[in-house]
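This report refers to the structure that appears directly beneath it.
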Amino acid sequence: MSRPLDLHPDRLLPADPATRSLARELYQSVARLPIVSPHGHTDPSWFAGNAPFGNATQLLLVPDHYVFRMLYSQGVPMEALGVRNPQVDPREAWRLLAHNYHLFRATPSRMWLDWVFAEAFGIDVQLGADTADHYYDTITEKLATEAFRPRALFDRYGIEVIATTESPLDSLDHHAALKAENARPGGWQGKVVTAYRPDPVIDPEFEGFRENLVRFTEITGEDCLTWSGYLAAHRQRRRFFAQMGATSTDHGHPTPRTADLSRTEAEALFAKVTSGSFTPEEAELFRAQMLTEMAGMSLEDGLVMQIHPGAFRNHNARVFERFRRDKGADVPSRTEYVANLKPLLDKYGNEADLSIILFTLDESTYARELAPLAGHYPCLKLGPAWWFHDSPEGMRRFRRMTTETAGFYNTVGFNDDTRAFLSIPARHDVARRVDCGFLAELVMEHRLEDWEAGEVAQDLAYNLVKKAYKL
Amino acid sequence: MSRPLDLHPDRLLPADPATRSLARELYQSVARLPIVSPHGHTDPSWFAGNAPFGNATQLLLVPDHYVFRMLYSQGVPMEALGVRNPQVDPREAWRLLAHNYHLFRATPSRMWLDWVFAEAFGIDVQLGADTADHYYDTITEKLATEAFRPRALFDRYGIEVIATTESPLDSLDHHAALKAENARPGGWQGKVVTAYRPDPVIDPEFEGFRENLVRFTEITGEDCLTWSGYLAAHRQRRRFFAQMGATSTDHGHPTPRTADLSRTEAEALFAKVTSGSFTPEEAELFRAQMLTEMAGMSLEDGLVMQIHPGAFRNHNARVFERFRRDKGADVPSRTEYVANLKPLLDKYGNEADLSIILFTLDESTYARELAPLAGHYPCLKLGPAWWFHDSPEGMRRFRRMTTETAGFYNTVGFNDDTRAFLSIPARHDVARRVDCGFLAELVMEHRLEDWEAGEVAQDLAYNLVKKAYKL
Amino acid sequence: MSRPLDLHPDRLLPADPATRSLARELYQSVARLPIVSPHGHTDPSWFAGNAPFGNATQLLLVPDHYVFRMLYSQGVPMEALGVRNPQVDPREAWRLLAHNYHLFRATPSRMWLDWVFAEAFGIDVQLGADTADHYYDTITEKLATEAFRPRALFDRYGIEVIATTESPLDSLDHHAALKAENARPGGWQGKVVTAYRPDPVIDPEFEGFRENLVRFTEITGEDCLTWSGYLAAHRQRRRFFAQMGATSTDHGHPTPRTADLSRTEAEALFAKVTSGSFTPEEAELFRAQMLTEMAGMSLEDGLVMQIHPGAFRNHNARVFERFRRDKGADVPSRTEYVANLKPLLDKYGNEADLSIILFTLDESTYARELAPLAGHYPCLKLGPAWWFHDSPEGMRRFRRMTTETAGFYNTVGFNDDTRAFLSIPARHDVARRVDCGFLAELVMEHRLEDWEAGEVAQDLAYNLVKKAYKL
């Protein structure tokens, strides 16, 4: 017998009745605000091409490393789920998910998926072995309809603007097409912007770094094997990205280390890392120097800088060999900000025109390092709870550990940071609920007035992200 | 005037009335489940010999480093408590505990002791200076009765199976005797198994390491001063332990560092550490290599592997000189898993037949390292909140920080990990109460359905531990 | 229209009604206890001279780095706030605070300031752009009255004793004057003691270290450029501080590293660091050695030792150049206690007559390192949640993460550690409320009896601090 699927209107609100009632009121005041998604990994071709999404497995299982990592951790082979395995019967893969759905109890993936099932697809029974085929058929059929094409969902979801993330080597053709579409009379008005993510041409340890520089040279016409040409290429490409709507850059380094080398030192280091023969320490130092260079360029062109450090990427050697990147085998590691950021901050830290948004996977830095830094330096803001911490408990820890020292106004609202397009409203909804719950608790303890909580709720859900990302 | 001792039926359940009522219901559904104790330090001779336990001080004070460490921290000399001091009058030692019982307010020791006093001994007044002698007499008298012999308590406590922990140098005579007793018609049926804890022959810095290897040679007939003989001795001894019921090994290393050396390198390193002249780094590397060797053997013989890293043992030099090991002077230290485990995981991480249970004393790794690792690698599971964290707040932090990324099903239920036999039901009871409180909170926030919470409660209290430890 | 300012009597008490009612009762039993302030940075000249405090900006904005750091983080120049800028119109500076007061929502500064506004100055509307001048005038006028002179406030606030913090180079003239005043028939009876903070003559990296040693020599008549003279000077100065009421020393080192060098080694190191040419490691080792020396002297003279490690001071190079120390640019960093304290603990750790109070800015050490250390070593106690963590959430984390292992009786009550004199009652009030809330939660979960909670509340608010600091 299948169980009903039923999203409770009070989900995620605190249990205490008076607090819940306050939280509900706050939540209702922000629940319908437009979605501003300033950082994420949706594919611009979806919106440019507007093709249907395919079947349930292709859309919801194969690309979502949050989902298949959990199944894999319990012994389900990734091949059987269709990950880099087009031979698999997608219905069989879906059944594996359905059969193991209990593994996701109390995880954010479960919450996001249930939202997608109930709200996007109107399914009213819980996913399980007995309902696997019902799910597969319902979802796959609906995906074939007009209402489930990317643009229709974008509009239905009330997305005001969404940012994708591209390498400097990307042509941004889809963004150009979308710009044209926006400008076309009667054209689709959805706003999809890019963000400048230069890791492939900044990180000497990135796969194909040298080939990437060759390509960087071809695209920009600058000689990217000289330090000055390389910097000029960045400047040029950043400008082009900004023309395609980008308001931000993004840097996914292993650590937040920064450096401030002399021009001669930087030039010598660049020669080293582009020679193909360099030590890990030299690679690290080059990334460090480039964060400072990027900050300098941000001061020039106004792009907001995001730093997403601390992931040990591709930790599982065999999974990387067989399945490549982004297969759920990235693991956070201890991250140090205070000493690492000092060179950059010594140079640019007091520039109120510069905006650097810091993220972390190491929650022990929230209260110890990040909130104190952001509560002092004019250029620093704190990105929201990220990745493994983009979850109810994770968000609560973020607020509890940063607010007292950094306040609300050194934070920047919510990022969904996802490629799981259908779950975007669910993710923003979780953030709004958790923030309103937190605010209600503050009001209940008389640490905030109710009218202030109302203002802050609007700020956290909408105003801060617009301002911080200049969107 | 003495105060009543009264264990409230709702203790440890959340304060919010609706949440409490739900938690109570969940708790009642698991409160009477049998106790499965897969890892601990009870003495097998208790059950083999079934002799009475002695007096209150001998049983409850002298062996419990949780208790005397707190008294010592407030200036009570350990000698006066009878620690390695048989001259002390046990009643006087008991009075010191009674007089200082307020020091334990809000500690788990207090909770466990009160349970033992009330439930095991039926005492109904609180321990204090005024009731010290009443306590001493009541407990000591009861301990002389049949009902308080080890086997009677084992049966009364509903213990389905308990694991002790032995060195490879242990003869396991008590386990053999118990096996015979189990097999004897009409014999006692209590199931007491061992676990393979090879630190004394793996850790070059362990007291008497070289003598231990000599003994290892004698016991196994393998030449344990050659690398191949040494490995063969482990294989042989593991097999013997498995025959005596062991389903697991246990490794108490300072760090979770692992290595994957070539045979030649490993052989040279072994020669070094057995020569008696080696550096701390060589000792660490040898322990690292041995974790990987042990994992390989686990793949062969099916023993579940437990890693308990992160304790700085015997931190207090004078206490170690005078009182030796396990005297409350072990202190946790920062522990790193992501880089440390990589060599082992590169070799065996994707083996779904291998089972490695990770523990930590460094809670900053729960959400940052351990949950992400266990939520990906098929061979990894998370042990419960351990040692200093085996407490209501500690358990809550464990669930709040691991569940969203690792789920419930990459955890393994509860371990009491104690030598304080009488407190075992109290410890399991605390875990069940805290877990049910956590589940009730999830249900109240509509993050879990009530029927799911009911299933998970059973799993956390009973099913997961049976499966994870193959018991 | 201005909003009412209204301190709710139940502020900071838990939201659950039954818990709140219990917490309220506990709080009421300690709310009026005298304030014992064993560590802080008020200026003894205030009490010795008893001059009026000046205007609102001079008193509440310019000296409070908690306040101007937040404004600075949002782009308000410090000069405009009057920090090291006497040219500024104080009313204009005040308006900047008022205009930006929303930045402080949910911060402790907001809570302390609101208390000062409402309780000290009787203001009944919230601070904001519209009430800026009303605030400025009201506060400034009241500050000119007798009732707002330092001694009157001291008496009105029910301060039993307050400790200031002075360098060994300080003449302690104000303390001497206060001693005389106390002794004068009909003289003011307020008790203001000093504390021995020798960083300027212990830390080789302190500004003017060598000049400070010259001055140390002049003051003491000991040759402070010889190791024996230097140690003798400390002994002499500590004695003098004790005569001026000091019961404690305080050490603000970057790390809690300790060392136990031989006399020859120490002498050589001292020669090195006083030569003006030394490495950072040598400076660190010297500080380390001096912590052990100070502990030895504490055993002789009975002064309680406080260690406040872990701040990266003056992180912002430009702010330091322009505005100097204590301008909100100190940032906590990761701190290690277990290995660092071992040399000192090996030497003195088992001395029950020695009392060392440990503080931290790294909360990840609460449960992992500090509570286990304090729950074992007789000489160690834990200072309260400090600096960035002296806040409701910070204090709750402190209790939740230390109590189960260290108990309440290895902690020392509250420290306000502030130079913001007017906020002292507010800070103690926050601590009392939060502690009573924590105790009420324990009672509600039946982890503590109500009568025990009552006793502990008194201990946390008053008895422990008196005992720990010998006040």
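The values are calculated or read from the model by the stated rules, or taken from the named source; none is laboratory data. Quick caveat: nothing in here was measured; it's all calculated off a predicted structure. Reconstructed Cβ throughout: ideal geometry from the backbone, glycine too, with neighbour counts over all protein chains shown.
Out of A:Val76, A:Val67, one residue alone is within 22 Å of A:Leu143 (Cβ to Cβ) and either surrounded by fewer than 20 Cβ atoms within 10 Å (Cβ to Cβ) or outside the structural domain of A:Arg324 (by TED's automatic domain parsing) (or both). It is A:Val67.
Residue-by-condition table, conditions (1) among the acidic types (Asp, Glu); (2) over 19 Å from C:Ala468 (Cα atoms):
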site: C:Arg368; (1), (2): no, yes
site: C:Pro384; (1), (2): no, no
site: C:Thr402; (1), (2): no, no
site: C:Thr411; (1), (2): no, no
site: C:Asp416; (1), (2): yes, no
site: C:Ala426; (1), (2): no, yes
site: C:Ala431; (1), (2): no, no
site: C:Val443; (1), (2): no, yes
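Looking only at residues of region B:122-133 that are more than 27 Å from the chain's Cα centre (by Cα) and crowded, with 19+ Cβ neighbours inside 10 Å, we find that the one that is farthest from the other protein chains (Cβ to nearest Cβ) is B:Ala132. Only one of the numbered conditions (1) within 24 Å of the chain's Cα centre (by Cα); (2) of a type in the set (Asp, Glu); (3) in a helix (DSSP H, G or I) is violated by C:Asp362, and that is (3).
For every residue, the table says whether it meets (1) modelled with pLDDT of 95 or more; (2) surrounded by 19 or more Cβ atoms within 10 Å (Cβ to Cβ); (3) touching a Cys at 6+ places or on another chain (Cβ under 7 Å); (4) more than 27 Å from C:Gly310 (Cα to Cα).
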{"residue": "A:Thr292", "(1), (2), (3), (4)": "yes, yes, no, no"}
{"residue": "A:Ala311", "(1), (2), (3), (4)": "yes, yes, no, no"}
{"residue": "A:Asn316", "(1), (2), (3), (4)": "yes, yes, no, yes"}
{"residue": "A:Asp346", "(1), (2), (3), (4)": "yes, no, no, no"}
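Looking at C:Asn182, C:Asn212, just one residue is surrounded by fewer than 17 Cβ atoms within 10 Å (Cβ to Cβ) and in a helix (DSSP H, G or I), and that residue is C:Asn182. Just one of (1) closer than 30 Å to C:Leu345 by Cα; (2) more than 11 Å from chain C (Cβ to nearest Cβ) fails for B:Ser37. It is (1). Screening the candidates C:Asn314, C:Asn350 for the property of being in a loop (DSSP other than H, G, I, E, B) and within 26 Å of the chain's Cα centre (by Cα) yields one hit, C:Asn314. For region C:318-360, the candidate set comprises residues that are more than 10 Å from every other protein chain (Cβ to nearest Cβ) and touching a His at 6+ places or on another chain (Cβ under 8 Å); within that set, the residue that is nearest to B:His315 (Cα to Cα) is C:Phe359.
Quickly run through region B:149-206 and pick out the residues that are closer than 26 Å to B:Gln306 by Cα and among the acidic types (Asp, Glu). Result: B:Glu160, B:Glu166, B:Asp170, B:Asp173, B:Asp199, B:Asp203, B:Glu205.
Consider region C:228-284 and keep the residues that are small (Gly, Ala, Ser) and within 22 Å of the chain's Cα centre (by Cα). The one that is nearest to C:Ala176 (Cα to Cα) is C:Gly245. With respect to (1) within 14 Å of chain C (Cβ to nearest Cβ); (2) surrounded by fewer than 17 Cβ atoms within 10 Å (Cβ to Cβ); (3) touching a His at 6+ places or on another chain (Cβ under 9 Å), the lone exception for A:Glu363 is condition (2). Take the conditions (1) loosely packed, with under 15 Cβ neighbours inside 10 Å; (2) on the phi > 0 side of the Ramachandran plot; (3) touching a residue at least 40 places away in the same chain (Cβ under 8 Å); A:Leu172 misses just one of them, which is (1). Note on region C:415-450: residues that are over 17 Å from the mean Cα position of the chain (by Cα) and more than 21 Å from C:Asp10 (Cα to Cα) total 4. Any residue that is without any contact (Cβ under 8 Å) to a residue 60 or more places away in the chain, crowded, with 22+ Cβ neighbours inside 10 Å and more than 16 Å from the chain's Cα centre (by Cα) - is there at least one of those in region C:384-397? No, the conditions are met nowhere in region C:384-397. Residues satisfying the criterion are absent from region A:200-212 (criterion: touching a His at 6+ places or on another chain (Cβ under 6 Å) and at pLDDT 95 or above). Here C:Pro200 meets the list (1) surrounded by fewer than 20 Cβ atoms within 10 Å (Cβ to Cβ); (2) out of contact with any Ser or Thr (no Cβ under 9 Å at 6 or more places or on another chain); (3) assigned to a helix (DSSP H, G or I) almost entirely, failing just condition (2).
The number of residues in region A:54-81 being among the β-branched types (Val, Ile, Thr), assigned to a loop (DSSP other than H, G, I, E, B) and within 23 Å of the chain's Cα centre (by Cα) comes to 1. The residue list A:Ala295, A:Ala246 contains one member that is away from every other protein chain (no Cβ under 14 Å) and not in a loop (DSSP other than H, G, I, E, B), which is A:Ala295.
Test A:Pro256 against the stated conditions and say whether it is touching a strand residue (DSSP E or B) at 6+ places or on another chain (Cβ under 8 Å) and within 14 Å of chain B (Cβ to nearest Cβ). For A:Pro256, the condition - touching a strand residue (DSSP E or B) at 6+ places or on another chain (Cβ under 8 Å) and within 14 Å of chain B (Cβ to nearest Cβ) - is not met. Comparison of B:Arg11, B:Arg32, B:Arg84, B:Arg20 shows that the only residue that is outside the structural domain of B:Ala457 (by TED's automatic domain parsing), in a helix (DSSP H, G or I) and not hydrophobic (A, V, I, L, M, F, W, C) is B:Arg20. Restricted to region A:87-121, and to residues that are under 27 Å from the mean Cα position of the chain (by Cα), part of a loop (DSSP other than H, G, I, E, B) and free of Cβ contacts under 8 Å to residues at least 24 places away in the same chain, which residue is surrounded by the fewest Cβ atoms within 10 Å (Cβ to Cβ)? Among them, the one singled out is A:Phe121. The set of residues from region A:133-147 being of a type in the set (A, V, I, L, M, F, W, C) and closer than 13 Å to A:Leu59 by Cβ comprises A:Ile139, A:Leu143, A:Ala144.
Given the structure, is C:Lys142 within 30 Å of C:Leu96 (Cβ to Cβ), out of contact with any Leu (no Cβ under 6 Å at 6 or more places or on another chain) and part of a helix (DSSP H, G or I)? Yes; evaluated as a whole, the condition is true for this residue.
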